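The values are calculated or read from the model by the stated rules, or taken from the named source; none is laboratory data. Here the structure is a predicted model, which means the values were calculated and not measured. Each accessible area value is taken on the protein alone, full model and side chains, heavy atoms only, with ligands, DNA and RNA left out. Shrake-Rupley method; radii C 1.70, N 1.55, O 1.52, S 1.80 Å.
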Amino acid sequence: MRFLCFLLLAGLAHAASRPNILLLIGDNWAYDHAAVNGCAAVCTPVFDRITREGMNFSNAFCPVPSCSPTRSCLLTGRVAHQLEDMASLWSRFHPKYRLFTDALAESGYHTGFMGKGWSPGNHKDHGREENPAGRQYDDFRTFMSTRQAQKPFFFWYGSTHTALHSFKKADGVAAGIDVAKIRVPAYLPDGPEVRREIAAYLATVQQMDAVFGEALALLEKEGELDNTVVIYTSDNGWQLPRGLANCYDAGSRVPLAVRWSQKIAAGRQIDAFANVADLGPTFLDLAEIAIPREMTMKSLKPLLFGQNGSEAGRDAVFIERERHAN
């Protein structure tokens, strides 16, 4: 009986030592469109806070400038050309690939998602009933209420605020976006119509930032924020010309900020190249789970902790384009 109690206490201590992980992932949100990244026309206080209290990656890129292919790479920790038809939009999800979400759940993490998980595509053809991102919840509060005490959690919070179908309905001027402060890229004509279109998009960036802020507020209220690694990023660039589905920076360079209170130094900017698909092995590394050999992407954990030599081999990034834009 004493031995059993010892094992139980040891298990609880190990669970308590492993961090919670909250992934905040936007949809079609480009690097340039956060206040801290130089956009004077938008207010992103939550993203800015994560960079201030954690670290900001100035050269983060998606593996494929397209939704489900990037999410396939993220879940499997592999590059797109290793994923067969899963590297295309509206693909099927094959069960032969090892996922970080499965590994976290098997190791004792309470896992789930809300909003946009792995999408768009068909994950049921091969018998996977739940989305590869995990069990779906209506909201973050419900997910937290179903969690057992002392059990670490991983939650994937996917926003679609910044997708074209959302910002086409938005009124940026009414939302307070100053069109005069908008920096129109050189590849677009600078006219009132273009500025209004960008203003509408920026208004939805602010909406996304606000709802992600509600998740952080809940963690603070429950005393969980300091033991939670918060990752705030996007699956690809904006849904305007040269953006989504193109390998230009507008389509592939994304915001990425990470906060883990008192564990990683605050206020750091990382210029080394990072890939959104690196997050798969990073989550396992943070959870003290052995990274499967087939995960060919590299954990960001050494970069997060500023380890010597952690930037070696990170002077380039590899991007692939699938049939999305054809």
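Quick notes
- Measuring how big region 266-326 is from its alpha-carbon positions, Rg and Dmax come out at 13.5, 43 Å.
- log₁₀ of I(q)/I(0) at q = 0.10, 0.14 Å⁻¹ - the chain, Debye sum with one point per alpha carbon: -0.55, -1.09
- Our summary of shape: the Cα atoms of region 112-151 have principal axis extents of 35, 18, 11 Å, ordered from largest down, in whole angstrom.
- Residue with peak Gaussian network fluctuation, the chain [Cα springs, cutoff 10 Å], from 301, 169, 96: 96
- Take every DSSP beta bridge whose two residues both sit in the chain; close to 25 percent of them are antiparallel.
- Look at the alpha carbon pairs under 8 Å that are at least 6 residues apart: their mean separation over the length of region 139-277 gives a relative contact order of 19 percent.
- Between region 200-260 and region 303-326, the alpha-carbon center distance in angstrom: 18
- Solvent-accessible area per residue, Å², over the chain with all protein chains present [probe radius 1.4 Å]: 43
- Expressed per residue, the C-alpha convex hull volume of region 7-145 stands at 153 Å³.
- Choice from 293, 253, 52 showing the highest fluctuation, given a GNM over the chain with Cα pairs closer than 10 Å: 293
- Contact order, relative form, for the chain: 33 percent (alpha carbon pairs under 8 Å, 6 or more residues apart, mean separation divided by residue count).
- Accessible surface of the chain, 1.4 Å probe: 51 percent of it comes from carbon and sulfur atoms.
- Computed Rg/Rh of region 203-326, alpha carbon atoms with Kirkwood Rh: 0.99
- Cα centroid separation, region 126-173 to region 30-67 (Å): 20
- The chain: calculated mean residue ellipticity at 222 nm from DSSP helix runs of at least 4, using -39500 (n - 2.57): -9000 deg cm²/dmol
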